[in-house]
Amino acid sequence: MRVDFQEADPALPPARDLIRAMVAEMNVLYGDIEGHKVPSATPADFAQPAGTFLVGFAEGEPVCAGGIKRLDDEAAEIKRMYVVPAARRRGVARLLLGALEGAARERGYRLARLDTGPRQPHAAALYASAGYVEIGNYNANPLAAYWGEKRL
């Protein structure tokens, strides 16, 4: 599947709609994720120049989204990765991850970090296969069970 990535405002459609869909899925898996003290992933966290939010389009339709936010001068965190159900199992998540890593590299980050929960073993497997190594709990996310880091 060919996916074209564009920077987008996460507070506006289609990015906002994709984030809402991702949150709805996470709420099914983990309960009200916004009720836990999870690390922030607000539109301000993705603001340029330190961060960005990408939406991927296939045949003109939004199929995925995700953002990067600054952790420190060296590291960015990948947040809010989501692929619409109709585009899953087609390599879209790997393309999105690569695009987010590229955006982090362009901003001068040398490391990418991310996390995922215990009910998303497919995400942890993707990250490991993409070269992420498991690290300690860098962000105190109470819903995560896997924390990874990759040199960019």
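So here's what we get for this one:
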{"read-out": "Gap separating the Cα centres of the stretch 1-41 and the stretch 115-152, nearest whole Å", "value": "17 Å"}
{"read-out": "Kirkwood Rh, Cα atoms: Rg over Rh of the chain", "value": "0.92"}
{"read-out": "Top of Leu29, Leu54, Leu95 by mean-square fluctuation, Gaussian network on the chain, Cα under 10 Å", "value": "Leu29"}
{"read-out": "For the stretch 66-152, alpha-carbon Rg over 2.2 N^0.38 Å", "value": "1.02"}
{"read-out": "For the chain, calculated [θ]222 nm from helices alone, where every DSSP H run of n ≥ 4 adds -39500 (n - 2.57)", "value": "-8500 deg cm²/dmol"}
{"read-out": "Over the stretch 1-71: Kirkwood hydrodynamic radius from C-alpha pairwise inverse distances, Å", "value": "12.9 Å"}
{"read-out": "Stokes-Einstein translational diffusion, the stretch 106-152 - Kirkwood Rh over all Cα pairs, 0.692 mPa s, 37 °C, in µm²/s", "value": "299 µm²/s"}
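Readers should treat all values here as calculations from the given coordinates under stated rules, not as data from a laboratory. Being a predicted model, the structure only gives us computed values, none of them experimental.
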